[in-house]
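Visitor: Please find one structure pasted underneath; my questions will follow.
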């Protein structure tokens, strides 16, 4: 899950931004291209009131929530770089390269609620393996 918070009007095409952000995270995680991951890797764009200590609202906050262990250090570096580049591109504002905060968060066991059930990491891995093998 990806949540992007920015002042209203920051992005010309929030729907495209959401799709691109979800695609980046899925690609960086290197998860299999199966329906389970295509349908459940999503981004949400939020209009937000933001300000730093000077009262400047021109910041963007991106929060990425993954299952535990999905992003090793190299993947963390790549996802932060790519999401920051995406924010700059989608906003047309180069200054946001220094004003985009990306928070990387791992879900706790039982922290993924999909299909009406709180899943552990092991359950998610098992479900993915089942889908990869055609349900066998």
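The values are calculated or read from the model by the stated rules, or taken from the named source; none is laboratory data. None of the values given here were measured: they were computed from a predicted structure. All Cβ positions, even for glycine, are placed from backbone atoms using ideal geometry, and neighbour counts span all protein chains on display.
Visitor: Is there a residue in segment 114-135 that is at pLDDT below 95, surrounded by 13 or more Cβ atoms within 10 Å (Cβ to Cβ) and within 25 Å of residue 14 (Cα to Cα)?
Guide: Within segment 114-135 (the criterion being at pLDDT below 95, surrounded by 13 or more Cβ atoms within 10 Å (Cβ to Cβ) and within 25 Å of residue 14 (Cα to Cα)), the answer is yes, since at least one residue qualifies.
Visitor: So, of the residues in segment 62-96 that are more than 16 Å from residue 14 (Cβ to Cβ) and loosely packed, with under 13 Cβ neighbours inside 10 Å, which turns out to be modelled with the lowest pLDDT?
Guide: 69
Visitor: Sticking with this one: If residue 12 meets every condition in (1) modelled with pLDDT of 95 or more; (2) under 21 Å from residue 80 (Cβ atoms); (3) surrounded by fewer than 14 Cβ atoms within 10 Å (Cβ to Cβ) apart from one, which number is that one?
Guide: (2)
Visitor: So, in segment 52-61, exactly how many residues are without any contact (Cβ under 8 Å) to a residue 40 or more places away in the chain and surrounded by 12 or more Cβ atoms within 10 Å (Cβ to Cβ)?
Guide: Total satisfying the criteria: 0.
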